[in-house]
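Comments concern the structure below.
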Amino acid sequence: MGYLIGVAMVTFTIVIISEVWKFLVSVFWRPYALTRHFRKQGVLGPPYSLVSGSLHEIKVLLKDERERVMDNHSHDITQRVMPHIHKWSNLYGKIFLYWYGTQPRICIPDAELAKEILSNKFGFYAKPKPRLSVVTLLGGRGLILVAGLEWVKRRRILNPAFSMDKLKVMISRMAECTISLLDEWQRQAIETKDKFKIIEMNKEFQELTADIIAHTAFGSSFVQGKEVFKAQRELQQLCIASVVNIFIPGSQYLPTMSNIKIWKLDWKMKGKLQHIIESRLNSQTRSGSSDCSYGDDLLGLMMDTWKTNSDDKLKMNEIMDECKTFFFAGHETTSTLLTWTIYLLSLHIEWQDKLRQEILENCGMAIPDADMLSKLKMVNMVLLEALRLYCPVIELQRVALEDMKVGNLLIPKGTCLSIPVTMIHRSKEYWGEDANKFNPLRFINGVSKAAKHPNALLAFSMGPRNCIGQNFAMLEAKTVMTLILQRFSWSLSPDYKHAPANHLTLQPQHGLHVIVKPLQF
Ligand code: HEM
């Protein structure tokens, strides 16, 4: 007994010493050694502060910017949404080193190097470890966060759900959700004396896109699906609050106020999702057929893997995490795209007229189908320009899992590579002198010819981990914009304050208030 206690004590002491050693290395030695390593290669950056790295300065800069309102017509948003990157790239040059706590980050605003990193097929660059709030929000075992062979399997199972044939069928559901919202706008506007209505578009689009993804992912279970959406919104607020806090390893297991809130929301979401899945299972069992499908929506497709004999089966927990992933990734980003498209078109009424004419020529006043949508070239160009100027995901990150070489730079294992999409999207080097101007015509010959570098548009990322939902998002955005342009015109409300801010996706900080007028009543 005494011997066992002795062994336990020694093991415990060794573990503690090794953890303390790792901590000291990451806090003192590594920052010193890496700063030297990069300085020798000509890469400079802000000085490292003990434990907090550059986080304190990032926090202060972000706080100052949040109080600033921009000119309504300015699209030069880099300083507002990533002030630290803006400041340090001016001080230290295009590529520089900064510290996210004790994690080294190299900022790489270069389309060619971004391509090299993002298109690596051998898994040498992984996504950084997310915080507990992000894991709970997105589902730790969902497609966005899984890695390695598990990701390969998951992407193989889920790819068919995003084939054009499957997506085309969803257009009528997308249109139904949109029309019920637009009927409400119309009703409210014509009730007023002046026949217009001021609408906060960001909120409307968040609800619309949640409604659309709930219908297309959960089909008949969309009402319960929307309950998950409510819990996710609360979690998103916790994520935004924690993003620039110093992370202390192990703190995610402590019963702090914020962790308890996260656990409760997670528990609530899991309960709702389990209920949705079990109801689907029961309704299929009641139908008595063993070979028919669980449904043609995303949930049905994932549950159908239970009927295959291969290894491509998803476990209950995995399906729940995928539901969270698709629910968040599938509505938040598209609502952002719609919001900023409405904003840009309210500054450029002439483009509203051009798009309306194109829509009337190709669809008339009918609900659009896939064929009609494919003919809307100008609508497509405007959406691409909105994705360029107000890209929903402002930054992409990868961590080097081995010592790597990117261009001529030697990148030690564990370094995070940060690709500031917002900056690449308005670089004059790629987009020309009018990089900060709204000019949809730059996309007239397609995405790859719009800029000097064929991969300068990174809105959906690129390489193996590019956005699986990009066709879904573009079909949805085209359907919604077509239906709006058929029935309404709009302009900015005098109350609008131009203040784009990063809330995991790029949001208008004070909302987007727009004066909407029905074209016929
Ligand atoms: C305008 C709309 C959208 C934008 C701008 C967008 C953007 C992105 C980006 C940039 C990534 C890559 C992230 C990274 O590499 O770190 C990504 C991945 C992903 N997106 Fe989207 N997205 C949009 C819509 C959607 C929709 C509608 C869905 C689903 C219905 C979706 C589901 C996903 C998933 C599951 C991934 C992870 C893919 C993987 O790692 O294999 N996205 N998205």
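Applying the selection to region 334-371, what residues are in contact with a helix residue (DSSP H, G or I) (Cβ under 7 Å, 6 or more places away or on another chain) and open to solvent by 40 Å² or more (accessible area, probe 1.4 Å)?
354, 362, 365, 367, 369
Which one of these does residue 120 not meet: (1) modelled with pLDDT under 95; (2) in contact with an Asp or Glu (Cβ under 7 Å, 6 or more places away or on another chain)?
Only one criterion in (1) modelled with pLDDT under 95; (2) in contact with an Asp or Glu (Cβ under 7 Å, 6 or more places away or on another chain) is unmet by residue 120, namely (2).
Check 408, 439, 466, 455 and return the single one that is under 30 Å from residue 360 (Cβ atoms), of a type outside the set (D, E, K, R) and either open to solvent by 20 Å² or more (accessible area, probe 1.4 Å) or within 13 Å of the ligand (Cβ to nearest atom) (or both).
Of 408, 439, 466, 455, the one residue that is under 30 Å from residue 360 (Cβ atoms), of a type outside the set (D, E, K, R) and either open to solvent by 20 Å² or more (accessible area, probe 1.4 Å) or within 13 Å of the ligand (Cβ to nearest atom) (or both) is 439.
Could you check residue 402 against (1) of a type in the set (Asp, Glu); (2) in contact with a helix residue (DSSP H, G or I) (Cβ under 7 Å, 6 or more places away or on another chain); (3) open to solvent by 30 Å² or more (accessible area, probe 1.4 Å) and say which number it fails?
(2)
Of the numbered conditions (1) more than 16 Å from the ligand (Cβ to nearest atom); (2) over 23 Å from residue 73 (Cβ atoms); (3) touching a residue at least 24 places away in the same chain (Cβ under 8 Å); (4) open to solvent by 20 Å² or more (accessible area, probe 1.4 Å), residue 446 satisfies every one except a single condition; which is it?
In the conditions (1) more than 16 Å from the ligand (Cβ to nearest atom); (2) over 23 Å from residue 73 (Cβ atoms); (3) touching a residue at least 24 places away in the same chain (Cβ under 8 Å); (4) open to solvent by 20 Å² or more (accessible area, probe 1.4 Å), residue 446 misses (3) alone.
Identify all residues within region 469-486 that are crowded, with 20+ Cβ neighbours inside 10 Å and more than 15 Å from the ligand (Cβ to nearest atom); write none if there are none.
Across region 469-486, the qualifying residues are 482, 483, 484, 485.
Could you check, for region 88-98, whether at least one of its residues is of a type in the set (Gly, Ala, Ser) and farther than 26 Å from residue 37 by Cα? Outline the logic, then answer.
Initial filter on region 88-98 (of a type in the set (Gly, Ala, Ser)): 89, 93.
Narrowing the set further to residues that are farther than 26 Å from residue 37 by Cα leaves none.
No - not one qualifying residue is present in region 88-98.
Just checking, does region 319-335 include any residue being more than 16 Å from the ligand (Cβ to nearest atom) and within 30 Å of residue 275 (Cβ to Cβ)?
no
Can you give me the number of residues within region 487-521 that are open to solvent by 10 Å² or more (accessible area, probe 1.4 Å), of a type in the set (A, V, I, L, M, F, W, C) and within 16 Å of the ligand (Cβ to nearest atom)?
1
Let me confirm something: among 70, 82, 9, which residue is open to solvent by 30 Å² or more (accessible area, probe 1.4 Å) and either among the hydrophobic types (A, V, I, L, M, F, W, C) or more than 30 Å from residue 496 (Cα to Cα) (or both)?
Residue meeting the stated conditions: 9.
Being among the acidic types (Asp, Glu), open to solvent by less than 70 Å² (accessible area, probe 1.4 Å) and under 22 Å from residue 436 (Cβ atoms), is that true of even one residue in region 48-66?
Checking region 48-66: at least one residue is among the acidic types (Asp, Glu), open to solvent by less than 70 Å² (accessible area, probe 1.4 Å) and under 22 Å from residue 436 (Cβ atoms).
Scan region 311-331 and report the pairs whose first residue is without any contact (Cβ under 8 Å) to a residue 60 or more places away in the chain and open to solvent by less than 10 Å² (accessible area, probe 1.4 Å) and whose second residue is part of a helix (DSSP H, G or I) and away from the ligand (no atom under 14 Å from the Cβ), with Cβ atoms within less than 9 Å and a gap of 6+ or a chain change.
319/273; 319/277; 319/303; 319/305
The values are calculated or read from the model by the stated rules, or taken from the named source; none is laboratory data. Since this is a predicted model, take the numbers as computed values, not measurements. Here the Cβ is made from the backbone with ideal geometry for all residues, glycine too, and neighbour counts use every protein chain on show. Heavy atoms of the whole protein, side chains included, go into the accessibility calculation; ligands, DNA and RNA do not. Shrake-Rupley method; radii C 1.70, N 1.55, O 1.52, S 1.80 Å.
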